[in-house]
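Below: one structure, written as structure tokens.
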Amino acid sequence: MQEMMQNVVRILEAVQLKWEQFQSWTDFSRLHLSNKLAIFGVGYNTRWKDDVRYYYAEISSQVPLGKRLREYFNPEKPEGRLVMTKVQKMNWKNVYYKYLEITISEARCLELHMVVDWIPIAHSRAAGGNVVHYLLPGGIPKSPGLYAVGYEEPEVEPRSPRMECGGRILSRSSLRSDSSSPSGNSTVKVESENLVDHLPKIHYCYLGIAEDRTLQQCLFQHFQSSSKSQGGINGFLAENCNVQQGTSPKSIYIKFVEVERDFLSAGSLVECLEKAVGYPLKFNL
């Protein structure tokens, strides 16, 4: 929970929102927050230090923002009782809030980053060959949604499973290979590694929106492409399949989340993810 809150704070700071001092409930009724989804933070200052510090932050993606703020500013609620006690005892001087309204699809995009685990893509290579084939896992939904592609960067120091990687890594042994994915010759050697013990830094390079097609169709198209001249994410993945003898391709990962088709066209999804991860996505131009 603490790590999730730190991620939300980083997003709020990245979009440079101003703190609003809590005065009364008329503030919230004026802002018409009853049915909005948002990223929000609650802060405070003291008589000794005027700078506002974060007390709490979250993505209100299931409960409307107005209801969540009431829980933190209403003394009849457990969270609100704690906040108001801090003020009454002069631990705090004032209480503040800030928020950024988000769409349902943006909320799901942030969930994709902070909650959904990375899935490693296995690959196969015929003995003596210099072309590898991706083996997509089974279970990719035949429904609309969001998906991300990432690749492993060299690790400089040990890293916890949920730092900048945006989620843990699933073991390849927990995934089954999809029989409809490309596999090259029938006699192949599957190159694998223990990805549970090794915790690499995974760099996002592409966010896809499966709106007109399913998540499965979109991912199969990317990983079945064999033309490097296509450019973009397809060209990157195709080029990664051509390796010299004794070398291995970059380790590639995917993650995905289902989203209702009607919601996918709302919001600025690529910009949302770029703010969350802190860098531009190379193949989302």
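The values are calculated or read from the model by the stated rules, or taken from the named source; none is laboratory data. Not measured: the values here are computed from a predicted model. Because the Cβ atoms are built from the backbone with ideal geometry, glycine has one as well, and the counts that use them run over all protein chains shown. These area figures cover heavy atoms from the full protein model, side chains too; ligands, DNA and RNA do not enter into them. Shrake-Rupley method; radii C 1.70, N 1.55, O 1.52, S 1.80 Å.
Accessible-area rank, largest first, for Met4, Met90: Met90, Met4, with all protein chains present and a 1.4 angstrom probe. Residue by residue, the range 41-50 carries 3J(HN,Hα) couplings of x, 10, x, 7, 9, 10, 5, 9, 9, 7 Hz when phi is fed to the Karplus relation 6.51 cos²θ - 1.76 cosθ + 1.60 (θ = phi - 60°); x denotes Gly or Pro.
Model label points for Lys86 and Thr247, set 7 angstrom from Cα along the Cα-to-Cβ axis, are 5.3 nm apart. For the range 202-207, backbone phi angles converted through the Karplus equation (6.51, -1.76, 1.60; θ = phi - 60°) give residue-by-residue couplings of 9, 9, 5, 10, 7, 10 Hz, Gly and Pro being listed as x.
The packing ranking of peptides 109-115, 41-47, 80-86, highest mean first, is 109-115, 41-47, 80-86, where packing means the average number of other beta carbon atoms within 10 angstrom of each residue. Near Leu17, no amide H atom lies under 5 Å from its own; only residues 5 or more places off or on other chains count, and H is placed 1.01 Å from N.
Count Lys and Arg as plus one, Asp and Glu as minus one, and take only other residues whose Cβ is under 11 Å from that of Glu260; the net charge is then -1. Straight Cα distances below 25 angstrom link Lys142 to the lysines Lys255, with same-chain residues fewer than 8 positions distant left out.
Fully extending the segment from Asp117 to Asn74 would add 11.9 nm, taking 0.36 nm per residue of separation and subtracting the current Cα-Cα distance.
Taking 30 Å as the straight-line reach from the Cα of Lys77, the lysines in range (excluding those fewer than 8 positions away in the same chain) are Lys18, Lys36, Lys49, Lys67, Lys86, Lys89, Lys93, Lys98. Solvent exposure of the range 104-152, expressed per residue, is 27 Å² of accessible area, with all protein chains present and a 1.4 angstrom probe. Highest mean packing first, where packing is the average number of other Cβ atoms within 10 Å per residue, the peptides 102-108, 13-19 line up as 102-108, 13-19. Fully extending the segment from Gln6 to Arg53, taken as 0.36 nm per residue of separation minus the present Cα-Cα distance, adds 15.7 nm. May I ask you to list the residues of the range 33-52 whose amide nitrogen lies under 14 Å from a point 7 Å from Cα along the Cα→beta-carbon direction of Lys18? Within reach of a label on Lys18, which here means backbone N under 14 Å from a point 7 Å along Cα→Cβ, the range 33-52 contributes nothing.
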